[in-house]
Amino acid sequence: MKILFKIVIAWKNDNYGKVYYKKDNKSLMYEEFVEGVYAIYRRIGGRFMVTYAIIEKFSVILIDPSAYTKDYIDEFLKLKKLDFKDIKAVIVTHGHPEHWSYAHKFAKKGVPVYVPESEVFDDPKKFPEIYGFYEKMPKPLKEKKNLTHGMKIKIGDGVLAIYYCGGHSFDHFFAVHTKSGILFCGSMLLEFPESPYKFLIDKSGDPEQRKKFFEAIVNLSLSGIAPAHGMPVLKNWLEVVRDAYNAQKSLQNEILYVLEKEKEVTPREIDEELRRRIDYIWSPEERTKYNYLTIEAFLRSFETKGLVEKQGKKWIYKG
């Protein structure tokens, strides 16, 4: 791996090793973490937004092009002496706006933009209704193609294979680059290595689908995983996935414990109790909405199993 920029940040974590970010004298921050696969980073407060680029034989595939990273993407393509004609495809893993808010630029230039089948791309105003929370939305994406489970996009000597998973949201896909063995997981994993409890299941999502995703990928021959809101993990990727799987099971059990104890509770009351018991999900107050959404996703899952029923704002434990 070529070291192109001075190392300016080193984040060491006992569980997941050391990751470096390279930065030039402007603002671009990226790394080639395996041969031909690049992570283009932007830190937004305490979070990362990452757009990925696969480059092979002067062809490019971009994954999750965000408005947050748009200047970085432009500068990256310029440094690599690449143009729009070199971009073979743009992949959007799901309908949350930070993953596709820069896709318009590529679509207007005739680049194929592949997105999940969701009304939000045609009518962004429906985002709160579909996904359960408010975000600043881009304009409708007029030129697009639908992702389908099992589709393959050839790039150089490799293939980017696309698979549906759901979980984080109803429309979530992930992609595996066969040549490098990297799995691009979108938002199925968030904010690690800080905490495997920091994840979101939105109004449209399903905890059971997220669990099945983890169960499926541990059997794949991978060299690493690449999340859209965190750092690529190579050597310890299996450990990360198992930690995330166990954290979800643990959170589910903690919610059930509160239900059994209190009998009648609101998501807010469950959140308050969980904060006293474990260091889970999103601790800053401004992200409490993510806690409620994720808790409600578990409650809906319990409801399908006959464990709870909703009465007004309260969820009643039935056992």
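Side notes on the structure shown:
- Taking the C-alpha atoms only, the angle from helix 237-262 to the longest principal axis of the chain is near 20 degrees.
- Here the Karplus relation 6.51 cos²θ - 1.76 cosθ + 1.60, evaluated at θ = phi - 60°, turns the backbone of the range 122-139 into coupling constants of 8, 9, x, 5, 7, 3, x, 5, 7, 9, x, 8, 9, 9, 5, 9, x, 6 Hz, with x for every Gly and Pro.
- Simple spin-label estimate for ALA216 and GLU135 gives 2.1 nm between the two label positions (7 Å along the Cα-to-Cβ direction from each Cα).
- Pairs from LYS198/LYS235; LYS57/LYS139; LYS152/LYS249; LYS139/LYS310; LYS179/LYS235 whose Cα-Cα separation, in the structure shown, is over 24 Å: LYS57/LYS139; LYS152/LYS249; LYS139/LYS310
- Only DSSP H runs of four or more residues enter the estimate; each adds -39500 (n - 2.57), and after division by the residues of the chain the mean residue ellipticity at 222 nm equals -8500 deg cm²/dmol.
- The chymotrypsin sites (Phe, Trp or Tyr not before Pro) of the range 89-177 that DSSP puts in a loop, and whose beta carbon has at most 10 other beta carbons within 10 Å, are TYR134.
- Highest to lowest packing among 302-308, 84-90, scored as the average C-beta count within 10 Å: 84-90, 302-308
- Each residue, THR304 and GLU239, gets one label point 7 Å from its Cα in the Cβ direction; the gap between the two is 3.3 nm.
- Overall dimensions of the range 82-144 as given by Cα atoms, namely Rg and Dmax in Å: 11.9, 39
- Here's how it looks for MET151: its modeled amide H is under 5 Å from those of ILE162, which are all 5 or more places away or on a different chain.
- For the cross-link pairs LYS88/LYS203; LYS154/LYS212; LYS108/LYS203; LYS88/LYS212, the ones whose C-alpha atoms lie over 29 Å apart are LYS88/LYS203; LYS108/LYS203; LYS88/LYS212.
- A cut-off of 5 Å between modelled amide H atoms, ignoring neighbours fewer than 5 places along the same chain, links ILE182 with HIS177, SER223.
- LYS145 long-range amide H proximity, modeled H, under 5 Å: VAL113, TYR114, VAL115
- Degrees between helix 207-217 axis and first principal axis of the chain (Cα, 0 to 90, nearest 10): 40
- Three principal axis lengths of the chain [C-alpha, angstrom, descending]: 62, 44, 36
- Taking a ≥ b ≥ c as the square roots of the eigenvalues of the alpha carbon gyration tensor, the range 50-107 is prolate, as a/c is not under 1.5 and a/b beats b/c.
- Of all DSSP beta bridges confined to the range 6-248, the antiparallel ones make up roughly 75%.
- Relative to the longest principal axis of the Cα atoms of the chain, the long axis of helix 288-304 lies at roughly 60 degrees.
- Note, ³J(HN,Hα) from phi for the range 141-147, Karplus 6.51, -1.76, 1.60, rounded to Hz, x at Gly and Pro: 9, 6, 9, 7, 10, 8, 5
Every number in this text was worked out from the coordinates using simple rules, so none of it is lab data. Being a predicted model, the structure only gives us computed values, none of them experimental. Glycine gets a Cβ as well: all are built from the backbone with ideal geometry, and neighbour counts include every protein chain shown.
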